[in-house]
1. Please verify whether ALA13 is part of a helix (DSSP H, G or I) and of a type in the set (A, V, I, L, M, F, W, C), treating the condition exactly as stated.
2. Can you name every residue in the range 223-243 that is small (Gly, Ala, Ser) and open to solvent by less than 20 Å² (accessible area, probe 1.4 Å)?
3. How many of the residues making up the range 190-203 are on the phi < 0 side of the Ramachandran plot and more than 10 Å from the ligand (Cβ to nearest atom)?
4. From the list ARG176, ARG163, which one is within 14 Å of the ligand (Cβ to nearest atom) and either farther than 26 Å from ARG88 by Cβ or modelled with pLDDT of 95 or more (or both)?
5. State all residues of the range 252-263 that are within 16 Å of the ligand (Cβ to nearest atom) and either without any contact (Cβ under 8 Å) to a residue 60 or more places away in the chain or open to solvent by less than 20 Å² (accessible area, probe 1.4 Å) (or both); if no residue qualifies, say none.
6. For the range 181-191, name all the residues that are within 15 Å of GLY134 (Cα to Cα) and surrounded by 14 or more Cβ atoms within 10 Å (Cβ to Cβ).
7. Considering only the range 149-160, I want to know if a residue exists there that is within 12 Å of the ligand (Cβ to nearest atom) and either in a helix (DSSP H, G or I) or open to solvent by 50 Å² or more (accessible area, probe 1.4 Å) (or both).
Amino acid sequence: MADTSKSRTRMAAVIGSPVAHSLSPAIMNAAFTAADLDWTFIAHEVAEGDTTRALDWARSEGLVGLSVTMPHKAAVAAAVNELGDVARRLNAVNCVVVDGQRLVGHNTDGGGFIDGLAHDAGFDPAGRTAVVLGAGGAARAVVHALAVAGASDVAVVNRTPGRAEVAAGLADGVGRVADTAAVAGADLVVNATPVGMGEGGSAMPVDPDLLNPGQVAVDLIYHPLATPWVVALRERGIEAHGGLSMLIFQAALAFTHWTGGEAPVAAMEQAARAELAARAAS
Ligand SMILES: NC(=O)c1ccc[n+]([C@@H]2O[C@H](COP(=O)([O-])OP(=O)(O)OC[C@H]3O[C@@H](n4cnc5c(N)ncnc54)[C@H](OP(=O)(O)O)[C@@H]3O)[C@@H](O)[C@H]2O)c1
């Protein structure tokens, strides 16, 4: 582990397993550089079950903060000293602020989704209807955030109905479980399943012919940047976006938690795209 105790350079890290392919170091180091901060961001592999030890490491090393990815989001929520409202509701933390020995856990995934949606599509969920495909961690964050942002109806479609119920329950008063037929009438359709992830696939989370021009679709997957579903929707004249903006904007909210300042989003996006292009070329 890096010893930062004698250095003036401050450090932040992403913890997860596996974490080697995380884009967070590229995105966050670009942000620190653009903001003229003498801070550095590393990827720190932490095995499942070692969460508490990783949090102790963050305290003892005087880290600025942590990003948290799979499989630690729930374990960190259980172990920090304090939780923000969204993290408490989702029982999941993706961003920790280290304040001396005190750790405060936040969840910026849903907020990042809403900010990314505004950035990519100029879409404000207030008074609009949405369908979310999937009911895992990403889906739950999105369902909750859509309801907080004022969506009038949030329908959850998932292959395991019990998990759909749990996710829909996070959209107070406007959440419900639905089947794929709901996709046809929604203002916004979000894929929060991994179907379509990776190179060379052709799988789709839902038939693109169920959607029509005028609807907006977002696939949370960012590898590839445009999934087969996104490509098929665009071919049908439907506005469709990938998941890179959610990734950038959840990181931007973490940057603000750590620094108190506004994140240099353009530099962060440029770094993410450059890193993905470099990986694709290697
Ligand atoms: N852009 C971003 O910043 C961002 C952030 C987080 C996640 N993501 C992406 O979002 C996706 C979901 O991530 P997660 O963390 O929420 O995963 P997760 O917790 O494992 O949940 C996956 C969900 O997808 C469903 N699912 C999985 N395989 C399926 C299949 N073959 N057919 C139908 N449904 C299937 C699962 O259904 P069951 O409930 O029936 O198992 C579950 O509801 C991933 O592609 C991830 O890369 C993107």
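1. no
2. The answer is ALA232, ALA240, GLY242, GLY243.
3. So the answer is 3.
4. Going through ARG176, ARG163 in turn, the sole match is ARG163.
5. Matches in the range 252-263: ALA252, ALA254, PHE255, ALA263.
6. ALA182, VAL183, LEU188, VAL189, VAL190, ASN191
7. Scanning the range 149-160, I find at least one residue that is within 12 Å of the ligand (Cβ to nearest atom) and either in a helix (DSSP H, G or I) or open to solvent by 50 Å² or more (accessible area, probe 1.4 Å) (or both), so the answer is yes.
Here is a yes/no grid of residues against (1) open to solvent by less than 70 Å² (accessible area, probe 1.4 Å); (2) in a strand (DSSP E or B):
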| position | (1), (2) |
| --- | --- |
| GLY173 | no, no |
| ARG176 | no, yes |
| THR193 | yes, no |
| GLU199 | no, no |
| SER202 | no, no |
| ASP209 | no, no |
| ILE221 | yes, no |
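The values are calculated or read from the model by the stated rules, or taken from the named source; none is laboratory data. No experiment lies behind these values; they were computed from the predicted model shown. Here the Cβ is made from the backbone with ideal geometry for all residues, glycine too, and neighbour counts use every protein chain on show. What goes into the accessible areas is simple: the full protein's heavy atoms, side chains included, and nothing from ligands, DNA or RNA. Shrake-Rupley method; radii C 1.70, N 1.55, O 1.52, S 1.80 Å.
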